[in-house]
1. Return the residue satisfying two criteria in turn: it lies in segment 224-268 and is open to solvent by less than 60 Å² (accessible area, probe 1.4 Å) and outside any helix (DSSP H, G or I), and of such residues it is modelled with the highest pLDDT.
2. Quick one: would you say GLU218 is over 15 Å from the mean Cα position of the chain (by Cα), outside any helix (DSSP H, G or I), surrounded by fewer than 23 Cβ atoms within 10 Å (Cβ to Cβ) and free of Cβ contacts under 8 Å to residues at least 60 places away in the same chain?
3. Can you find, within segment 424-444, the residue that is nearest to MET105 (Cα to Cα) among those that are of a type in the set (Phe, Trp, Tyr) and open to solvent by 10 Å² or more (accessible area, probe 1.4 Å)?
4. When you check LEU132 against the structure, is it open to solvent by 10 Å² or more (accessible area, probe 1.4 Å), in a helix (DSSP H, G or I) and within 25 Å of GLY399 (Cβ to Cβ), yes or no?
5. Just one of the numbered conditions (1) crowded, with 24+ Cβ neighbours inside 10 Å; (2) among the aliphatic types (A, V, I, L, M); (3) in a helix (DSSP H, G or I) is not true of LEU166; which one?
6. Yes or no: LEU208 open to solvent by 40 Å² or more (accessible area, probe 1.4 Å), without any contact (Cβ under 8 Å) to a residue 24 or more places away in the chain and within 30 Å of GLY386 (Cα to Cα)?
7. List pairs: first in segment 221-233 and hydroxyl-bearing (Ser, Thr, Tyr), second surrounded by 15 or more Cβ atoms within 10 Å (Cβ to Cβ), Cβ under 8 Å, 6+ apart or cross-chain?
8. Can you tell me which of ILE171, ILE178 is within 13 Å of the chain's Cα centre (by Cα) and part of a helix (DSSP H, G or I)?
Amino acid sequence: MSSGKSSLVDGEINDNENVSDLEKNKMMSAGDSEEVRLENNIQLNRNGDDTTKTIKLYKRRWFIVLLFGSYSLCNSFQWIQYGIINNIFMRFYGVESFTIDWMSMIYMLTYIPFIFPVTWLLDKKGLRIIALVATAMNCAGTWIKVTSVRPDLFAVTMLGQFCCSLAQVFILGMPSKIASVWFGSEEVSTACSIGVFGNQLGIAIGFLVPPILVPNVEDMDQLAYHISIMFYITAGVATLLFLLVVIVFQERPELPPTQAQATARCIPPEQYSYTASILRLLRNKPFLLLILTYGLNVGCFYAVGTLLNRMIIEHYPGEELNAGRIGLTIVIAGMVGSLICGIWLDRTKTYKQTTLAVYLMSFVGMLVYAFTLSLGHLWVVFLTAGALGFFMTGYLPLGFEFGVELTYPECEGTSSGLLNCSAQVFGIIFTICQGKIIDNYGTLAGNIFLCVFLFIGSLTLCKKLFMHLPYYTSDFNGNNSQACADI
C-alpha cells in the first residue's frame, strides 16, 4: 500500500498512487523562505474533487524551534537545581532530604492532572497561546523564588517551584507539534530532537551550575547570598525569554510545510473531538505498550537524576561539584544520542528496530553503572554514567517520534502528553521507592531496583510490541505506508 501523499525534496516531486495529475509550476525566491521556494500546485483526487495545495518551508522555522528549546531549557534547569545540591538546601531550609526530593518530584506530580486540559488547549488554541502561558508561568515562578531566600520561607520557594512545574506541562508536549506544523517531512525527527535537546540541555546546566553558584559554605548569610544570585540569574533569563515569545513567536507558517498539514488545515474544527481522540489512543494496543515501556525508561532517568547527589555523596563525600559534573555527563551524552537518533530516523524510518536497540542498551548501561558506582574511582563513574545517558536520555525523542508514528493521524500533542504522563507517574514511584531502598539497603540495591524495571520494559518491547505491530515505513507527516491491520 502506498502512502497517499507526495513528498517534495530539493525541488523533486515523488509520485504516489493517489496523485492523479501533477505539474511542477515554478521555483522562485522569497524573502523569508528557503533559498529556493518550494511551491508546487498539486492536483489531488479526493472524493472526486480536485484541490490545489501550496506548500512552503520558511527559514523562521529554525528560530521558532530554537526559541522553544531556549525556554524549555530555562524551565528544565529548575527541575534539578534543588536536587543536585540536596544536602545544601536541607541545611539552609532545615528540612529532610525527602522534602528536597519533592522539589523535583513536584514537576512530575503537577504534570499528571494538568496534562489533559493543557493538551486540549493545545489542540484548540494552538502553539502561540500555549507558549505564552508556559513562559509567563515560568517567569512568575522564578521571581517568587527570588523572594524566598530565607530559612523560614521554604513554603514560598515551594510555591515558586510549583509555578515552574505547571509551566512544564505547557512545554513537554510541544516538540512534536512544532515539528509537524513548521517542518518538512524529511526534517520532523531532527526538529523534534532539537526541541527535546533544549529540555536536556537545561537539565545538563541544572546539574552543572548550582554546585558552582552555591558552594557548601558554613555561614548562612553567605549561603543565602549565593542562592539569591542563582535565583536572580534564572529570573532574568526567564523574563527575557517571555518577552521574546510575546514579540516573535508565531502560531504557524502562512503556508503549510507538507501536504499532510495542508490537508489538516482543511478539516473543520468541529469535526475534531478531543475525547474521541483520547479514546482511540487508549484502544491502540501497540501505543499502550509504548506508553508502558516509555514510562519505565524515562521514569528511571527521573529517579537517577533526582537522587544523583545522594548516590554520589554516599560513596564520594564532599564531591558535590563532581556530582553535578556526572549529571552533566549523563545529559550531554543523551543529547548526542538524541540528535543521532533523530537524524537516523529521518533517513531510515526504522522506528521498531531503533527503539528496541536503544532500550536494550539503556538496560545494559544501567546495569554497568549500578555495579561500578562504588568502586571508588570517579573516572569510572563518569564513563559509565555517560554510556547510560547516551541511551537512556537519547530514548526521549525516539519515544515521541515512534508514538506519533503509531497514532497517526491523531494530534501529536495528545500522544506526546500521554507518553509524558506515564513517565511522570513512574518517575514519582521510582524516585520514592529507590530513595527508600537507598536509605535502608544502599545505592547498589536501589540501582538494581531500576534495572529490574528496565529489563521488564525490554522484554515487553521484544515479546509484545514487535510481535503485534507489522513492519512498515512511514513518510511521517503523511500516511503510514501500512496500517496496523492486525491490532
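1. Checking each candidate, the answer is PHE249.
2. Criteria met by GLU218.
3. Filtering first and then ranking leaves PHE426.
4. Considered against the rule, which asks whether it is open to solvent by 10 Å² or more (accessible area, probe 1.4 Å), in a helix (DSSP H, G or I) and within 25 Å of GLY399 (Cβ to Cβ), LEU132 comes out as no.
5. Result: LEU166 passes all but (1).
6. Here the answer is no, as LEU208 does not meet what is asked.
7. SER228/VAL146; SER228/VAL149; TYR232/VAL146
8. ILE178
The values are calculated or read from the model by the stated rules, or taken from the named source; none is laboratory data. If you're wondering where the values come from, they're calculated on a predicted model, not measured in any experiment. Ideal geometry is used to build each Cβ from the backbone, glycine not excepted, and the neighbour counts take in all protein chains shown. In case anyone asks, the SASA skips ligands and DNA or RNA and just uses the protein heavy atoms, side chains included. Shrake-Rupley method; radii C 1.70, N 1.55, O 1.52, S 1.80 Å.
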